[in-house]
Amino acid sequence: MTGQRLSGKVAIVTGAAGGIGFETAVLFAKEGAKVVCADVNEKGVQNTVSKISELVGNGVAIPFKADVSKEDQVKALVEKAVEEYGKLDIMFNNAGIMHPEDDNALNTEERIWNLTMDINVKGVWFGCKHAIIAMRKSGGGSIINTASFVALMGAATPQLAYTASKGAVLAMTRELAMVHARENIRFNSLCPGPIRTPLLMDFLNTEEKKQRRLVHVPQGRFGEAIEQAYGALFLASDESSFVTGTDFRVDGGLSNAYVTPE
Ligand code: NAD
C-alpha cells in the first residue's frame, strides 16, 4: 500500500534500525517523504535504507549513525537532513532503551538510571531543540516523541528509570507544544501500549511474564510495530494540523481498562 500523505516532506526517524522506528521509516517513505534513518546501530539503519530502496526506490532515504544522547551528533543529524533534502518537516524522536537491569527504587543502580535518562529524555530534548532550529527556517513542522503507556499508568512490575523517563517525555512534549504553538511547530507524544518488538520481547522472555501483562490488555494481544507507525503517520501528516500537545495513545485500550474481557 502506498500513498502521498507525506508528499514533499522531509523526515528524520531516530531508532530507525528497530521495531517501531523501522516500520515508521518505511511507511513514511511509502507515503512520499524523504527519510533520514538514524540509529546507533549503523548496520541496522543501512538495512532500513536498503529495504526502503527495494520497496520505494533509490534516493528516498539515507542512513545516519547517531547516538541521540550526544548533542553534537543530533545537531549533525539535523544538519545532514537539511543539507541532503533542503529542509526538515517531521522529527520522530523515537529512539529509546529499556535496560534489563532497570528495577524498583531499591535495586536500580544510579548508572542505569543515568543511562536511561540520557537516551530517553536528553535524547528527545536534543532532537526537539535541533528540529526547532531547522523548522523555524522552513515555517513549521511536526515533532513526535515516543513516550509509553507506562507514562500514564503505574505498573507493579517495576522499571523505575524507564517509567520516569517516559513521564518526562510526556511533560516535556506538552510544554514544548505550548511554547511553539504560534510558530506552527506541533509536538505530540506517541504512547504505545506493549508492542511485539525485540525491546519488549527480550524483557518478557518467558510465557509467564507475557501472560502477566496480556491479562490487562483489552484486545488480548501485544501490538505490532506497524500499528504505531500508522499513529506516527497521522501525527506527522497535515491531517493532524489541529492536533498538538496530545498524549496520543495506540495501546489496544490498555490505558482505559478496568476489567478486561475473559
Ligand atoms: P527497539 O529496541 O526495537 O528499537 C529501539 C531502537 O533505538 C534500536 O534500533 C536501538 O538501536 C535504538 N537506540 C537505542 N539507543 C539509542 C541511542 N542512544 N541513539 C540512537 N538510537 C538508539 O524498540 P521499539 O520497541 O521499536 O522502541 C521504540 C520506542 O518505543 C522506544 O522509545 C520505546 O521506549 C518505545 N516503546 C516501546 C514499547 C514496546 O512495547 N516495544 C512500548 C512503549 C514504548
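Quick note: the coordinates plus some simple rules give every number you see, no bench work behind them. In this text the structure is predicted, and so the values were computed from the model without any measurement. No Cβ is skipped: glycine too gets one built from the backbone with ideal geometry, and neighbour counts run over all protein chains shown.
Of everything in region 85-128 that is in a helix (DSSP H, G or I) and free of Cβ contacts under 8 Å to residues at least 12 places away in the same chain, the residue that is nearest to the ligand (Cβ to nearest atom) is 114.
For region 248-262, the set of residues classified as outside any loop (DSSP other than H, G, I, E, B) and touching a helix residue (DSSP H, G or I) at 6+ places or on another chain (Cβ under 7 Å) consists of 248, 249, 250, 254, 255, listed by residue number. Total residues in region 207-247 satisfying the condition of being touching a helix residue (DSSP H, G or I) at 6+ places or on another chain (Cβ under 6 Å), away from the ligand (no atom under 12 Å from the Cβ) and either hydrophobic (A, V, I, L, M, F, W, C) or part of a helix (DSSP H, G or I) (or both): the figure is 3. Please determine whether any residue of region 39-56 is buried (at least 24 other Cβ atoms within 10 Å of the Cβ), in a strand (DSSP E or B) and in contact (Cβ under 8 Å) with a residue 12 or more places away in the chain. Yes, that holds for at least one residue.
Here the condition is being within 11 Å of the ligand (Cβ to nearest atom), within 28 Å of residue 8 (Cβ to Cβ) and out of contact with any Pro (no Cβ under 6 Å at 6 or more places or on another chain); of 204, 199, 190, it holds for 190 alone.
Of everything in region 196-223 that is of a type in the set (D, E, K, R) and in contact with a Ser or Thr (Cβ under 9 Å, 6 or more places away or on another chain), the residue that is surrounded by the most Cβ atoms within 10 Å (Cβ to Cβ) is 213.
The selection criterion, being in contact with a strand residue (DSSP E or B) (Cβ under 9 Å, 6 or more places away or on another chain) and surrounded by fewer than 19 Cβ atoms within 10 Å (Cβ to Cβ), holds for residue 184. Scanning region 112-138 for residues that are basic (Lys, Arg) and farther than 19 Å from residue 148 by Cβ gives 129, 136, 137.
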